[in-house]
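This report concerns only the one structure given below.
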Amino acid sequence: MRLVPSTILVLALVGCSTSERGDIIDLRDTPSPDGRYVCTVFGETFYNTTGYAQHIYLRRSGEQRGYPGNVYVVPVGDDVAVSWTSPTNLLVRLSFETRRTIPAVTNVAGVTVTYSEMTK
């Protein structure tokens, strides 16, 4: 009898797995002013009609880009622009299709990441 709830839980977790990845498109690298870091914005598409999410990944120059984004994953319908304000400060400007909270300032790989909202 104990086996039934455990089996149901395992099947539910496997059924909810999000290990499937879409194709990477629209890859844009933005190096820091001193060239020590690279911020990459890339799309991930599943070829449906709703658009695609965008990932923001920050790394040191020479390192491989990872998945998913380690700075922010921009939902479908939203837009993003990134710019360096100094060699160790990255500004991420977000435009929301549906209003949401702007993320707090954070630090990724030694870079301070600040978020702001932009108008469409």
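The values are calculated or read from the model by the stated rules, or taken from the named source; none is laboratory data. The shown structure was predicted, so the numbers you read here are calculated from the model rather than taken from an experiment. Every residue, glycine among them, receives a Cβ derived from its backbone with ideal geometry; neighbour counts consider all protein chains shown.
Exactly one residue among Thr40, Thr45, Thr7, Thr30 is modelled with pLDDT under 95, of a type in the set (Val, Ile, Thr) and surrounded by 14 or more Cβ atoms within 10 Å (Cβ to Cβ), and that residue is Thr45.
So for the stretch 81-90 (the condition being farther than 22 Å from Pro31 by Cβ and surrounded by 12 or more Cβ atoms within 10 Å (Cβ to Cβ)), does at least one residue qualify?
At the first step, the residues of the stretch 81-90 found to be farther than 22 Å from Pro31 by Cβ are none.
No: zero hits.
Scanning the stretch 45-57 for residues that are touching a residue at least 24 places away in the same chain (Cβ under 8 Å) and part of a strand (DSSP E or B) yields Gln54, Ile56. Taking every residue in the stretch 61-86 that is under 27 Å from Thr98 (Cβ atoms) and pairing it with any residue that is part of a strand (DSSP E or B) and among the polar types (S, T, N, Q), at least 6 positions away or on another chain, the pairs with Cβ-Cβ distances below 6 Å are Val74/Gln54; Asp79/Ser95; Val80/Gln54; Val82/Thr30.
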